[in-house]
Amino acid sequence: MYYHSTRDKEQKVTASQAIIAGLATDGGLYIPERFPKLAFDWETLKDVTYQELAYKILAPFLDDFSEADLKECIAKAYDEKFDTSVIAPLVQVGATYHLELFHGATMAFKDMALSLLPYLMEKAIQLQGVEREIIILTATSGDTGKAAMAGFADVPGTRIIVFYPEGGVSAIQERQMLTQTGSNIFVRSVIGNFDEAQTAVKNIFTENQMRQLLANNKQQFSSANSMNIGRLLPQIVYYFSAYLQLVKSGQIMAGEAINVTVPTGNFGDILAAYYAKRMGLPLNKLVCASNENKVLYDFFETGTYDKQREFKLTSSPSMDILISSNFERLLYHVLDEDTARVNDIMSALETQGHFSVTTEELEKFIDFEAGYATEEQTRDQIKQIYEQTGYVMDPHTAVASFVASEKRQLTEKMVVVSTASPYKFPETVLQAITTEKVASADWQTALEQLHQISKMPFPTAIKHLFTATSNAKNTLQIADMRPEVERICLYQLESEE
Ligand SMILES: *Cc1c(COP(=O)(O)O)cnc(C)c1O
(Lines give C-alpha, C1' and ligand atoms only; values in the text may rest on other atoms or scores of the structure.)
Protein backbone atom coordinates (compact mmCIF):
# COMPACT_ATOMS: atom_id res chain seq x y z
CA MET A 1 0.00 0.00 0.00
CA TYR A 2 1.34 3.39 -0.98
CA TYR A 3 0.35 6.86 0.14
CA HIS A 4 0.57 10.09 -1.79
CA SER A 5 -0.32 13.73 -1.27
CA THR A 6 -3.84 15.06 -1.94
CA ARG A 7 -2.06 17.58 -4.17
CA ASP A 8 0.31 15.30 -6.11
CA LYS A 9 -0.02 11.63 -7.04
CA GLU A 10 3.56 11.17 -8.18
CA GLN A 11 5.53 11.04 -4.95
CA LYS A 12 4.54 7.79 -3.30
CA VAL A 13 5.61 6.76 0.16
CA THR A 14 5.02 3.71 2.34
CA ALA A 15 2.89 3.76 5.47
CA SER A 16 5.85 4.12 7.82
CA GLN A 17 7.27 6.97 5.73
CA ALA A 18 3.90 8.74 5.72
CA ILE A 19 3.58 8.36 9.49
CA ILE A 20 7.04 9.81 10.12
CA ALA A 21 6.49 12.69 7.68
CA GLY A 22 3.04 13.62 9.05
CA LEU A 23 2.34 16.08 6.25
CA ALA A 24 3.44 15.86 2.60
CA THR A 25 6.15 18.35 1.63
CA ASP A 26 3.78 20.15 -0.78
CA GLY A 27 1.46 20.97 2.15
CA GLY A 28 -1.05 18.30 1.11
CA LEU A 29 -2.21 15.38 3.23
CA TYR A 30 -1.24 11.77 2.66
CA ILE A 31 -3.97 9.44 1.46
CA PRO A 32 -3.99 5.70 0.79
CA GLU A 33 -3.89 4.93 -2.94
CA ARG A 34 -6.87 2.58 -2.54
CA PHE A 35 -9.30 1.25 0.05
CA PRO A 36 -8.71 -2.39 0.91
CA LYS A 37 -11.92 -4.35 0.51
CA LEU A 38 -12.02 -6.97 3.21
CA ALA A 39 -14.36 -9.91 3.03
CA PHE A 40 -16.29 -9.25 6.23
CA ASP A 41 -18.27 -12.06 7.74
CA TRP A 42 -20.23 -10.12 10.33
CA GLU A 43 -21.47 -13.21 12.14
CA THR A 44 -17.95 -14.55 12.77
CA LEU A 45 -16.43 -11.12 13.36
CA LYS A 46 -18.86 -10.18 16.08
CA ASP A 47 -16.92 -12.23 18.60
CA VAL A 48 -13.44 -10.81 17.94
CA THR A 49 -11.81 -8.49 20.47
CA TYR A 50 -11.18 -4.81 19.74
CA GLN A 51 -7.48 -5.60 19.37
CA GLU A 52 -8.12 -8.40 16.86
CA LEU A 53 -10.47 -6.19 14.90
CA ALA A 54 -7.88 -3.38 14.89
CA TYR A 55 -5.30 -5.75 13.46
CA LYS A 56 -7.63 -6.95 10.68
CA ILE A 57 -8.45 -3.41 9.62
CA LEU A 58 -5.02 -1.83 10.00
CA ALA A 59 -2.87 -4.61 8.52
CA PRO A 60 -3.70 -3.93 4.85
CA PHE A 61 -3.07 -0.19 5.37
CA LEU A 62 0.17 -0.63 7.32
CA ASP A 63 1.64 -3.36 5.18
CA ASP A 64 5.27 -2.43 5.71
CA PHE A 65 4.90 -3.25 9.41
CA SER A 66 5.42 -6.92 10.28
CA GLU A 67 2.51 -8.84 11.76
CA ALA A 68 4.35 -9.21 15.07
CA ASP A 69 5.21 -5.49 15.25
CA LEU A 70 1.71 -4.32 14.44
CA LYS A 71 0.15 -6.73 16.93
CA GLU A 72 2.58 -5.56 19.59
CA CYS A 73 1.72 -1.89 18.95
CA ILE A 74 -2.01 -2.65 19.15
CA ALA A 75 -1.64 -4.67 22.35
CA LYS A 76 0.30 -1.85 24.03
CA ALA A 77 -2.15 0.80 22.86
CA TYR A 78 -5.45 -0.78 23.86
CA ASP A 79 -4.62 -2.08 27.32
CA GLU A 80 -5.57 -1.16 30.90
CA LYS A 81 -5.26 2.53 30.05
CA PHE A 82 -8.86 2.02 28.93
CA ASP A 83 -11.33 1.54 31.74
CA THR A 84 -13.32 -1.08 29.79
CA SER A 85 -12.10 -4.10 27.86
CA VAL A 86 -14.64 -3.31 25.12
CA ILE A 87 -12.51 -0.15 24.53
CA ALA A 88 -15.33 1.64 22.67
CA PRO A 89 -18.65 0.58 24.21
CA LEU A 90 -21.97 1.22 22.48
CA VAL A 91 -24.73 2.36 24.83
CA GLN A 92 -28.40 2.76 24.00
CA VAL A 93 -29.65 6.27 24.79
CA GLY A 94 -33.31 6.87 23.92
CA ALA A 95 -33.80 6.09 20.26
CA THR A 96 -30.10 6.25 19.41
CA TYR A 97 -26.90 4.42 20.28
CA HIS A 98 -23.93 6.30 21.69
CA LEU A 99 -20.50 5.06 20.71
CA GLU A 100 -18.46 6.09 23.76
CA LEU A 101 -14.93 6.94 22.70
CA PHE A 102 -13.84 8.49 25.98
CA HIS A 103 -12.72 5.50 28.00
CA GLY A 104 -9.00 6.09 27.44
CA ALA A 105 -6.34 7.87 29.46
CA THR A 106 -7.39 11.47 28.70
CA MET A 107 -11.18 11.01 28.43
CA ALA A 108 -11.65 12.11 24.84
CA PHE A 109 -11.79 10.29 21.53
CA LYS A 110 -8.29 11.47 20.63
CA ASP A 111 -7.08 8.59 22.84
CA MET A 112 -8.45 6.10 20.32
CA ALA A 113 -5.71 7.01 17.85
CA LEU A 114 -3.11 8.67 20.06
CA SER A 115 -2.74 5.59 22.24
CA LEU A 116 -1.47 3.82 19.14
CA LEU A 117 0.37 6.50 17.15
CA PRO A 118 3.48 6.75 19.38
CA TYR A 119 4.06 2.98 19.07
CA LEU A 120 3.56 3.10 15.31
CA MET A 121 5.97 6.05 15.17
CA GLU A 122 8.63 4.17 17.14
CA LYS A 123 8.37 1.14 14.82
CA ALA A 124 8.31 3.35 11.74
CA ILE A 125 11.51 5.07 12.88
CA GLN A 126 13.16 1.66 13.27
CA LEU A 127 11.81 0.40 9.92
CA GLN A 128 13.12 3.43 8.08
CA GLY A 129 16.39 3.46 10.00
CA VAL A 130 15.80 7.12 10.86
CA GLU A 131 18.51 8.46 13.11
CA ARG A 132 17.11 11.93 13.36
CA GLU A 133 15.11 13.00 16.38
CA ILE A 134 11.40 13.35 15.59
CA ILE A 135 9.86 16.65 16.67
CA ILE A 136 6.10 16.27 16.99
CA LEU A 137 4.65 19.69 16.26
CA THR A 138 1.02 19.99 17.22
CA ALA A 139 -1.77 22.54 17.47
CA THR A 140 -4.66 21.52 19.69
CA SER A 141 -8.23 22.67 20.13
CA GLY A 142 -8.10 21.05 23.58
CA ASP A 143 -8.03 17.27 23.46
CA THR A 144 -5.26 16.35 21.01
CA GLY A 145 -2.64 18.14 23.11
CA LYS A 146 -3.08 16.10 26.24
CA ALA A 147 -3.60 12.80 24.43
CA ALA A 148 -0.50 13.37 22.28
CA MET A 149 1.67 14.41 25.24
CA ALA A 150 0.50 11.44 27.27
CA GLY A 151 1.34 9.18 24.33
CA PHE A 152 4.74 10.66 23.48
CA ALA A 153 5.98 11.51 27.00
CA ASP A 154 9.50 10.11 27.33
CA VAL A 155 9.30 8.13 24.07
CA PRO A 156 12.98 7.88 23.07
CA GLY A 157 13.97 9.78 19.96
CA THR A 158 11.02 12.16 20.09
CA ARG A 159 10.11 15.50 21.56
CA ILE A 160 6.68 17.04 21.40
CA ILE A 161 5.61 20.68 21.16
CA VAL A 162 1.96 21.56 21.74
CA PHE A 163 0.27 24.92 21.11
CA TYR A 164 -3.24 25.59 22.38
CA PRO A 165 -5.38 28.75 22.06
CA GLU A 166 -5.28 30.85 25.24
CA GLY A 167 -8.82 31.01 26.64
CA GLY A 168 -9.96 28.58 23.93
CA VAL A 169 -9.93 25.35 25.93
CA SER A 170 -11.83 24.24 29.03
CA ALA A 171 -10.31 24.62 32.53
CA ILE A 172 -9.96 20.85 32.80
CA GLN A 173 -8.36 20.53 29.37
CA GLU A 174 -5.82 23.21 30.29
CA ARG A 175 -5.07 21.62 33.62
CA GLN A 176 -4.65 18.22 31.96
CA MET A 177 -2.01 19.69 29.68
CA LEU A 178 -0.21 21.67 32.37
CA THR A 179 0.06 18.67 34.69
CA GLN A 180 1.61 16.40 32.07
CA THR A 181 5.06 15.16 33.05
CA GLY A 182 7.89 14.09 30.76
CA SER A 183 11.30 15.50 29.91
CA ASN A 184 10.51 15.78 26.18
CA ILE A 185 7.24 17.73 26.31
CA PHE A 186 6.76 21.44 25.68
CA VAL A 187 3.34 23.05 25.97
CA ARG A 188 2.55 26.68 25.18
CA SER A 189 -0.65 28.70 25.01
CA VAL A 190 -0.92 31.25 22.21
CA ILE A 191 -2.82 34.50 21.93
CA GLY A 192 -5.10 33.54 19.06
CA ASN A 193 -7.65 30.95 18.06
CA PHE A 194 -7.15 27.33 17.00
CA ASP A 195 -7.17 28.14 13.26
CA GLU A 196 -4.38 30.67 13.71
CA ALA A 197 -2.33 28.21 15.75
CA GLN A 198 -2.95 25.38 13.26
CA THR A 199 -2.03 27.58 10.28
CA ALA A 200 1.17 28.73 11.99
CA VAL A 201 2.08 25.12 12.74
CA LYS A 202 1.49 24.12 9.09
CA ASN A 203 3.66 27.03 7.93
CA ILE A 204 6.51 26.17 10.28
CA PHE A 205 6.17 22.57 9.17
CA THR A 206 6.54 23.26 5.46
CA GLU A 207 9.05 26.14 5.63
CA ASN A 208 12.29 25.20 3.85
CA GLN A 209 14.62 27.16 6.11
CA MET A 210 13.15 25.48 9.15
CA ARG A 211 13.48 22.03 7.58
CA GLN A 212 17.12 22.77 6.83
CA LEU A 213 17.76 23.96 10.35
CA LEU A 214 16.29 20.77 11.76
CA ALA A 215 18.19 18.58 9.30
CA ASN A 216 21.45 20.24 10.42
CA ASN A 217 20.46 19.47 13.97
CA LYS A 218 19.69 15.82 13.09
CA GLN A 219 15.97 16.36 13.60
CA GLN A 220 12.78 16.34 11.57
CA PHE A 221 9.17 17.31 12.13
CA SER A 222 6.19 15.05 12.39
CA SER A 223 2.60 15.65 13.41
CA ALA A 224 0.21 14.20 15.95
CA ASN A 225 -2.72 16.08 14.44
CA SER A 226 -5.24 14.17 12.36
CA MET A 227 -3.32 15.43 9.33
CA ASN A 228 -1.10 12.41 10.13
CA ILE A 229 -2.48 9.31 8.41
CA GLY A 230 -1.28 7.31 11.42
CA ARG A 231 -3.92 9.05 13.44
CA LEU A 232 -6.72 8.71 10.96
CA LEU A 233 -6.45 4.97 10.27
CA PRO A 234 -6.92 3.75 13.88
CA GLN A 235 -10.18 5.71 13.95
CA ILE A 236 -11.70 3.46 11.27
CA VAL A 237 -11.68 0.56 13.70
CA TYR A 238 -14.31 1.82 16.13
CA TYR A 239 -16.95 2.23 13.42
CA PHE A 240 -16.59 -1.48 12.70
CA SER A 241 -16.66 -2.17 16.41
CA ALA A 242 -19.93 -0.21 16.81
CA TYR A 243 -21.49 -2.12 13.94
CA LEU A 244 -20.45 -5.48 15.33
CA GLN A 245 -21.85 -4.58 18.75
CA LEU A 246 -25.21 -3.86 17.11
CA VAL A 247 -25.10 -7.21 15.31
CA LYS A 248 -24.06 -9.04 18.44
CA SER A 249 -26.84 -7.58 20.58
CA GLY A 250 -29.40 -8.42 17.89
CA GLN A 251 -30.27 -4.75 17.26
CA ILE A 252 -29.57 -5.15 13.56
CA MET A 253 -29.23 -8.03 11.11
CA ALA A 254 -25.77 -8.68 9.70
CA GLY A 255 -25.48 -6.57 6.56
CA GLU A 256 -28.19 -4.07 7.55
CA ALA A 257 -27.25 -0.41 7.04
CA ILE A 258 -26.93 2.11 9.88
CA ASN A 259 -26.29 5.88 10.07
CA VAL A 260 -23.76 7.76 12.16
CA THR A 261 -23.75 11.32 13.46
CA VAL A 262 -20.31 12.73 14.26
CA PRO A 263 -19.52 15.94 16.18
CA THR A 264 -17.05 17.51 13.79
CA GLY A 265 -14.18 19.98 13.87
CA ASN A 266 -11.11 19.04 11.85
CA PHE A 267 -13.12 16.37 9.97
CA GLY A 268 -10.88 13.49 11.08
CA ASP A 269 -13.44 11.45 12.99
CA ILE A 270 -16.12 11.58 10.30
CA LEU A 271 -13.56 10.99 7.55
CA ALA A 272 -12.66 7.73 9.28
CA ALA A 273 -16.37 6.79 9.00
CA TYR A 274 -16.19 7.55 5.28
CA TYR A 275 -13.11 5.32 5.00
CA ALA A 276 -14.99 2.55 6.84
CA LYS A 277 -17.82 2.90 4.35
CA ARG A 278 -15.42 2.74 1.41
CA MET A 279 -14.02 -0.48 2.92
CA GLY A 280 -17.45 -2.06 2.91
CA LEU A 281 -19.02 -1.22 6.28
CA PRO A 282 -22.79 -0.83 5.71
CA LEU A 283 -23.10 2.85 6.64
CA ASN A 284 -25.86 4.81 4.99
CA LYS A 285 -25.63 8.50 5.91
CA LEU A 286 -22.66 10.13 7.59
CA VAL A 287 -24.14 13.09 9.42
CA CYS A 288 -21.70 15.93 10.02
CA ALA A 289 -22.66 17.86 13.18
CA SER A 290 -21.20 21.34 13.79
CA ASN A 291 -21.49 23.85 16.60
CA GLU A 292 -21.99 27.55 15.84
CA ASN A 293 -18.77 27.50 13.79
CA LYS A 294 -20.87 25.84 11.08
CA VAL A 295 -18.59 26.27 8.08
CA LEU A 296 -19.06 22.61 7.09
CA TYR A 297 -22.85 22.75 7.43
CA ASP A 298 -22.89 25.76 5.11
CA PHE A 299 -20.71 23.93 2.61
CA PHE A 300 -22.95 20.88 2.47
CA GLU A 301 -26.00 23.15 2.11
CA THR A 302 -24.66 25.56 -0.50
CA GLY A 303 -21.43 24.23 -2.03
CA THR A 304 -19.49 27.24 -0.74
CA TYR A 305 -16.89 26.93 1.98
CA ASP A 306 -16.19 30.32 3.51
CA LYS A 307 -13.84 30.62 6.46
CA GLN A 308 -14.18 34.40 6.51
CA ARG A 309 -16.57 34.74 9.36
CA GLU A 310 -16.54 35.38 13.05
CA PHE A 311 -14.70 32.67 15.00
CA LYS A 312 -16.95 31.75 17.92
CA LEU A 313 -15.79 30.39 21.24
CA THR A 314 -18.41 27.82 22.24
CA SER A 315 -18.99 25.29 25.00
CA SER A 316 -17.66 22.60 22.61
CA PRO A 317 -14.15 24.07 22.15
CA SER A 318 -12.67 21.03 20.40
CA MET A 319 -15.00 21.83 17.49
CA ASP A 320 -14.18 25.55 17.34
CA ILE A 321 -12.52 25.33 13.95
CA LEU A 322 -13.09 27.15 10.68
CA ILE A 323 -10.27 25.57 8.67
CA SER A 324 -11.13 21.92 8.77
CA SER A 325 -7.90 20.20 7.68
CA ASN A 326 -9.14 16.76 6.77
CA PHE A 327 -11.82 18.16 4.51
CA GLU A 328 -9.05 18.36 1.91
CA ARG A 329 -8.88 14.55 1.97
CA LEU A 330 -12.63 14.26 1.40
CA LEU A 331 -12.44 16.72 -1.49
CA TYR A 332 -9.79 14.54 -3.10
CA HIS A 333 -11.80 11.34 -2.72
CA VAL A 334 -15.15 12.78 -3.74
CA LEU A 335 -13.98 15.00 -6.59
CA ASP A 336 -12.71 12.05 -8.61
CA GLU A 337 -9.20 12.03 -7.11
CA ASP A 338 -8.36 15.09 -9.18
CA THR A 339 -5.24 16.62 -7.61
CA ALA A 340 -5.36 19.65 -9.93
CA ARG A 341 -8.86 20.46 -8.70
CA VAL A 342 -7.75 20.01 -5.06
CA ASN A 343 -4.82 22.38 -5.68
CA ASP A 344 -7.17 25.01 -7.15
CA ILE A 345 -9.54 24.72 -4.23
CA MET A 346 -6.85 24.84 -1.57
CA SER A 347 -5.14 27.85 -3.07
CA ALA A 348 -8.49 29.65 -3.38
CA LEU A 349 -9.10 28.93 0.31
CA GLU A 350 -5.69 30.25 1.22
CA THR A 351 -5.69 33.39 -0.91
CA GLN A 352 -9.40 34.34 -0.94
CA GLY A 353 -10.63 32.64 2.22
CA HIS A 354 -13.36 30.71 0.42
CA PHE A 355 -14.08 28.28 -2.41
CA SER A 356 -17.11 26.88 -4.17
CA VAL A 357 -17.84 23.62 -5.91
CA THR A 358 -20.27 23.33 -8.83
CA THR A 359 -23.80 21.97 -8.36
CA GLU A 360 -22.70 18.85 -10.16
CA GLU A 361 -19.75 18.43 -7.80
CA LEU A 362 -21.88 19.06 -4.71
CA GLU A 363 -24.16 16.18 -5.70
CA LYS A 364 -21.22 13.83 -5.32
CA PHE A 365 -21.22 14.35 -1.55
CA ILE A 366 -24.22 12.02 -1.43
CA ASP A 367 -22.95 10.04 1.58
CA PHE A 368 -23.13 13.10 3.80
CA GLU A 369 -25.80 15.08 5.58
CA ALA A 370 -25.14 18.02 7.85
CA GLY A 371 -26.65 19.90 10.74
CA TYR A 372 -25.60 22.18 13.56
CA ALA A 373 -26.60 23.09 17.09
CA THR A 374 -26.56 26.54 18.66
CA GLU A 375 -25.26 27.01 22.20
CA GLU A 376 -28.82 27.03 23.52
CA GLN A 377 -29.78 23.90 21.58
CA THR A 378 -26.66 22.16 22.90
CA ARG A 379 -27.50 22.93 26.53
CA ASP A 380 -31.17 22.02 26.03
CA GLN A 381 -30.15 18.71 24.50
CA ILE A 382 -27.96 17.84 27.51
CA LYS A 383 -30.87 18.68 29.81
CA GLN A 384 -33.53 16.90 27.77
CA ILE A 385 -31.61 13.65 27.37
CA TYR A 386 -30.69 13.72 31.06
CA GLU A 387 -34.31 14.20 32.10
CA GLN A 388 -35.63 11.56 29.70
CA THR A 389 -32.99 8.87 30.19
CA GLY A 390 -30.67 9.81 33.07
CA TYR A 391 -27.73 9.80 30.63
CA VAL A 392 -25.26 12.65 31.07
CA MET A 393 -23.28 13.76 28.03
CA ASP A 394 -20.61 16.30 27.24
CA PRO A 395 -21.32 19.37 25.03
CA HIS A 396 -19.57 17.95 21.92
CA THR A 397 -21.65 14.80 22.06
CA ALA A 398 -24.72 16.93 22.71
CA VAL A 399 -24.17 18.79 19.44
CA ALA A 400 -24.26 15.46 17.61
CA SER A 401 -27.18 14.20 19.68
CA PHE A 402 -29.19 17.30 18.77
CA VAL A 403 -28.39 17.01 15.08
CA ALA A 404 -29.21 13.28 15.13
CA SER A 405 -32.60 14.07 16.67
CA GLU A 406 -33.30 16.37 13.72
CA LYS A 407 -32.62 13.59 11.21
CA ARG A 408 -35.70 11.54 11.97
CA GLN A 409 -36.36 11.01 8.27
CA LEU A 410 -33.44 8.56 8.30
CA THR A 411 -35.02 5.22 9.09
CA GLU A 412 -31.91 3.16 9.77
CA LYS A 413 -30.49 2.86 13.30
CA MET A 414 -28.51 5.94 14.35
CA VAL A 415 -25.16 5.82 16.12
CA VAL A 416 -24.14 9.08 17.81
CA VAL A 417 -20.39 9.34 18.24
CA SER A 418 -19.72 10.33 21.82
CA THR A 419 -16.35 12.07 21.89
CA ALA A 420 -15.67 13.21 25.44
CA SER A 421 -16.50 12.41 29.03
CA PRO A 422 -18.88 14.94 30.64
CA TYR A 423 -16.22 15.27 33.35
CA LYS A 424 -14.06 17.21 30.91
CA PHE A 425 -16.67 19.99 30.79
CA PRO A 426 -18.36 19.94 34.21
CA GLU A 427 -19.32 23.64 34.28
CA THR A 428 -21.30 23.48 31.02
CA VAL A 429 -22.93 20.17 31.84
CA LEU A 430 -23.96 21.37 35.30
CA GLN A 431 -25.41 24.58 33.94
CA ALA A 432 -27.51 22.51 31.58
CA ILE A 433 -28.86 19.93 34.00
CA THR A 434 -29.28 21.81 37.26
CA THR A 435 -31.61 24.64 37.99
CA GLU A 436 -29.36 26.13 40.66
CA LYS A 437 -26.88 28.69 39.48
CA VAL A 438 -23.38 27.32 39.44
CA ALA A 439 -21.97 30.79 39.04
CA SER A 440 -18.18 30.95 38.73
CA ALA A 441 -17.74 27.54 40.33
CA ASP A 442 -14.11 26.52 40.07
CA TRP A 443 -13.42 23.25 38.30
CA GLN A 444 -12.93 21.28 41.51
CA THR A 445 -16.33 22.28 42.88
CA ALA A 446 -17.95 21.73 39.50
CA LEU A 447 -16.50 18.22 39.30
CA GLU A 448 -17.72 17.31 42.78
CA GLN A 449 -21.20 18.63 42.01
CA LEU A 450 -21.41 16.77 38.72
CA HIS A 451 -20.22 13.65 40.49
CA GLN A 452 -23.03 13.93 43.04
CA ILE A 453 -25.71 14.56 40.45
CA SER A 454 -24.67 12.08 37.80
CA LYS A 455 -23.44 9.35 40.19
CA MET A 456 -20.87 8.43 37.54
CA PRO A 457 -17.62 7.23 39.10
CA PHE A 458 -14.61 9.52 38.67
CA PRO A 459 -12.24 8.24 35.99
CA THR A 460 -8.63 7.82 37.16
CA ALA A 461 -7.59 10.78 35.02
CA ILE A 462 -9.92 13.05 36.98
CA LYS A 463 -8.74 11.83 40.38
CA HIS A 464 -5.21 12.62 39.24
CA LEU A 465 -6.12 16.23 38.38
CA PHE A 466 -7.04 17.02 41.97
CA THR A 467 -3.59 16.16 43.29
CA ALA A 468 -1.15 16.69 40.40
CA THR A 469 1.16 19.69 40.43
CA SER A 470 0.72 22.09 37.57
CA ASN A 471 3.62 23.44 35.53
CA ALA A 472 3.81 27.19 35.08
CA LYS A 473 1.85 28.47 32.11
CA ASN A 474 3.85 29.81 29.21
CA THR A 475 1.97 32.11 26.83
CA LEU A 476 3.13 33.65 23.57
CA GLN A 477 2.01 35.55 20.48
CA ILE A 478 1.30 33.70 17.21
CA ALA A 479 4.26 35.49 15.63
CA ASP A 480 6.54 34.09 18.33
CA MET A 481 5.64 30.47 17.64
CA ARG A 482 8.32 30.00 14.99
CA PRO A 483 11.23 31.35 17.08
CA GLU A 484 9.92 29.35 20.04
CA VAL A 485 9.91 26.14 17.98
CA GLU A 486 13.45 26.91 16.88
CA ARG A 487 14.52 27.50 20.48
CA ILE A 488 12.91 24.28 21.70
CA CYS A 489 14.48 22.25 18.88
CA LEU A 490 17.94 23.54 19.77
CA TYR A 491 17.37 22.97 23.46
CA GLN A 492 19.44 20.15 24.93
CA LEU A 493 17.16 17.60 26.60
CA GLU A 494 18.35 16.34 29.99
CA SER A 495 18.16 12.80 28.70
CA GLU A 496 20.65 13.71 25.99
CA GLU A 497 23.22 15.41 28.16
C1 LIG B 1 -11.36 16.64 18.37
C2 LIG B 1 -12.75 16.55 18.91
C3 LIG B 1 -13.87 16.62 18.08
C4 LIG B 1 -13.76 16.88 16.59
O5 LIG B 1 -13.17 15.80 15.91
P6 LIG B 1 -12.51 16.03 14.48
O7 LIG B 1 -11.89 14.75 14.14
O8 LIG B 1 -11.52 17.13 14.65
O9 LIG B 1 -13.62 16.42 13.55
C10 LIG B 1 -15.13 16.46 18.65
N11 LIG B 1 -15.27 16.27 19.98
C12 LIG B 1 -14.21 16.20 20.81
C13 LIG B 1 -14.44 16.01 22.27
C14 LIG B 1 -12.91 16.33 20.31
O15 LIG B 1 -11.87 16.26 21.14
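Within the range 309-325, none of the residues are more than 13 Å from the ligand (Cβ to nearest atom) and closer than 12 Å to residue 267 by Cβ.
With respect to the conditions (1) in contact with a helix residue (DSSP H, G or I) (Cβ under 6 Å, 6 or more places away or on another chain); (2) farther than 30 Å from residue 346 by Cα, residue 43 falls short on a single one, namely (1). Here 224, 273 are screened, and the one residue that is within 14 Å of the ligand (Cβ to nearest atom), in contact with a helix residue (DSSP H, G or I) (Cβ under 6 Å, 6 or more places away or on another chain) and in a loop (DSSP other than H, G, I, E, B) is 224. Against the numbered list (1) in a helix (DSSP H, G or I); (2) hydrophobic (A, V, I, L, M, F, W, C); (3) crowded, with 24+ Cβ neighbours inside 10 Å, residue 210 comes up short only at (3). State yes or no: is residue 401 hydroxyl-bearing (Ser, Thr, Tyr) and within 16 Å of the ligand (Cβ to nearest atom)? It is true that residue 401 is hydroxyl-bearing (Ser, Thr, Tyr) and within 16 Å of the ligand (Cβ to nearest atom). Could you say whether any residue in the range 20-37 is of a type in the set (Ser, Thr, Tyr), touching a residue at least 12 places away in the same chain (Cβ under 8 Å) and over 20 Å from residue 239 (Cβ atoms)? Yes, that holds for at least one residue. Condition check: open to solvent by less than 10 Å² (accessible area, probe 1.4 Å), at pLDDT 95 or above and near the ligand (Cβ under 9 Å from one of its atoms). Does residue 279 satisfy that? Answer is no for this residue.
Out of curiosity, is residue 154 modelled with pLDDT under 95, acidic (Asp, Glu), farther than 25 Å from residue 259 by Cα and within 16 Å of the ligand (Cβ to nearest atom)? It is false that residue 154 is modelled with pLDDT under 95, acidic (Asp, Glu), farther than 25 Å from residue 259 by Cα and within 16 Å of the ligand (Cβ to nearest atom).
For the range 157-173, enumerate the residues that are open to solvent by 30 Å² or more (accessible area, probe 1.4 Å), at pLDDT below 95 and within 28 Å of residue 430 (Cα to Cα). Listed by number, the residues that qualify are 167, 171. For the range 66-121, which positions are within 16 Å of the ligand (Cβ to nearest atom), under 15 Å from residue 245 (Cβ atoms) and either open to solvent by 10 Å² or more (accessible area, probe 1.4 Å) or free of Cβ contacts under 8 Å to residues at least 60 places away in the same chain (or both)? Result: 100, 103. Can you pull out the residues in the range 426-439 that are of a type outside the set (A, V, I, L, M, F, W, C) and either in a strand (DSSP E or B) or under 27 Å from residue 147 (Cα atoms) (or both)? Scanning the range 426-439 gives 426, 427, 428, 431.
Of all residues in the range 253-270, those being more than 16 Å from the ligand (Cβ to nearest atom) and open to solvent by less than 10 Å² (accessible area, probe 1.4 Å) number 2.
How do the pairs read when you match residues in the range 408-425 that are part of a loop (DSSP other than H, G, I, E, B) with residues anywhere that are aliphatic (A, V, I, L, M) and more than 15 Å from the ligand (Cβ to nearest atom), using Cβ under 7 Å and keeping only pairs 6 or more apart or on different chains? Correct list of pairs: 412/257; 412/258.
The values are calculated or read from the model by the stated rules, or taken from the named source; none is laboratory data. If you're wondering where the values come from, they're calculated on a predicted model, not measured in any experiment. Note that we place each Cβ from the backbone using ideal geometry, even for glycine, and neighbour counts take in every protein chain shown. The area values use the complete protein model at the heavy-atom level, side chains included, leaving out ligands, DNA and RNA. Shrake-Rupley method; radii C 1.70, N 1.55, O 1.52, S 1.80 Å.
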